[in-house]
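Trainee: Have a look at this one.
The values are calculated or read from the model by the stated rules, or taken from the named source; none is laboratory data. On a predicted model such as this, the values are computed, not experimentally measured, just so you know. Ideal geometry is used to build each Cβ from the backbone, glycine not excepted, and the neighbour counts take in all protein chains shown. The area values use the complete protein model at the heavy-atom level, side chains included, leaving out ligands, DNA and RNA. Shrake-Rupley method; radii C 1.70, N 1.55, O 1.52, S 1.80 Å.
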Protein chains: 2
Amino acid sequence: MRIGELSRRTETSRRLLRYYEEQGLIFSDREANGYRDYDEGLVDRVLQIRGLLGAGLPIRIIKQILPCLRETRAIFFEEATPEMLAALEEERDRMTARIRCLERNRDAVAEYIVAVGGDQLARPAA
Amino acid sequence: MRIGELSRRTETSRRLLRYYEEQGLIFSDREANGYRDYDEGLVDRVLQIRGLLGAGLPIRIIKQILPCLRETRAIFFEEATPEMLAALEEERDRMTARIRCLERNRDAVAEYIVAVGGDQLARPAA
DNA sequence: CTTGACATTCACACCAATGGAAGGGTTTCA
DNA sequence: TGAAACCCTTCCATTGGTGTGAATGTCAAG
């Protein structure tokens, strides 16, 4: 698909898609005229990238862990140097820490909402 | 405690602590001489703030949810306007989305690590 | 030929964070 | 008492990262 379709399907500006490509997060083939030609899988990939960015991971790290996230479960063993493995383990642990932090705080927010009487399913008797 | 101690205990520069105060994320009493006097609870508070920032929440949002996160369970009902409640519910849901995204991707990273034979320090006889 | 989608490139905006200088007061300890 | 270490404020500039705007040009189709 071309960039316009990918943009619509991911609700991501063309500009940003080109930026992600420039940053090495996604790739595209080119049509004869130079237009980008995206694989179907790029839709999920872009959403995934945006999710991770939204969760605070920098592009540099996302680029690093992308090889682990290929939907095609073709794992590239040859690239698994000890240094890279260590970096991945570190990042995995950092993600766990992030998750815990978010869970704790989300739960606190949720408790607060309940305590002050919010979240009454579909506002029954407002 | 004074700013130096808080800085050491949170591994956060004095500069940044003053910045957070300027941004309205934390508060301090003042000694007679003008020195900031921090409550013991600020240690956790600062760590919490840094965790949330690291998880991708902007200062603006963190400031908004801080009232829900007071360790003193004094909840300020009077401030719970419907608009604020709606904003909180939205933010709660966004945090949940973040958590799910991180979980999915962390698990993928973890699987990859196992697949390429990492993490054997912890489990020698894999 | 006009319209819309595509291309590239430079510059800018926003946010978190930092650095540093100026210029001054306070605490601690030998 | 003197020095070092700590603290204060204000101001200004900068860095790094994510994201955007706008100018300018090409391509394809009605």
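Trainee: May I ask you to report, in nm to one decimal and beginning with the shortest, the distances from B:ARG18 to the same position in the other copies, taking label points 7 Å along Cα-to-Cβ?
Mentor: Inter-copy label distances (nm, one decimal, shortest first): 4.3.
Trainee: Measuring from the axis that superposes chain B on chain A, report the chain B residue with the minimal C-beta distance, rounded to whole Å.
Mentor: Closest Cβ on chain B to the axis mapping it onto A, in Å: B:GLY56, 2.
Trainee: Output, in nm with one decimal and in ascending order, the distances from the A:GLU83 label point to the matching label points of the other copies (7 Å from Cα along Cα-to-Cβ).
Mentor: A:GLU83 label point versus its equivalents elsewhere: 5.3 nm.
Trainee: Over all residues in B:110-117, what is the mean tally of Cβ atoms on other chains that come within 10 Å of each residue's Cβ?
Mentor: 6
Trainee: Using a 10 Å cut-off on Cβ to Cβ distances, tally the other chain neighbours for every residue of B:32-45 and report the average as a whole number.
Mentor: Taking the mean over all residues of the peptide, I get 0.
Trainee: Could you look at the stretch A:1-76 and say what percent of its accessible area is carbon and sulfur, using a 1.4 Å probe and all protein chains?
Mentor: Exposed carbon and sulfur together represent 48 percent of the surface.
Trainee: Could I ask something else about it? Counting only heavy atoms of protein chains, what accessible area per residue, in Å², does the stretch B:1-79 have with a probe of 1.4 Å?
Mentor: 59
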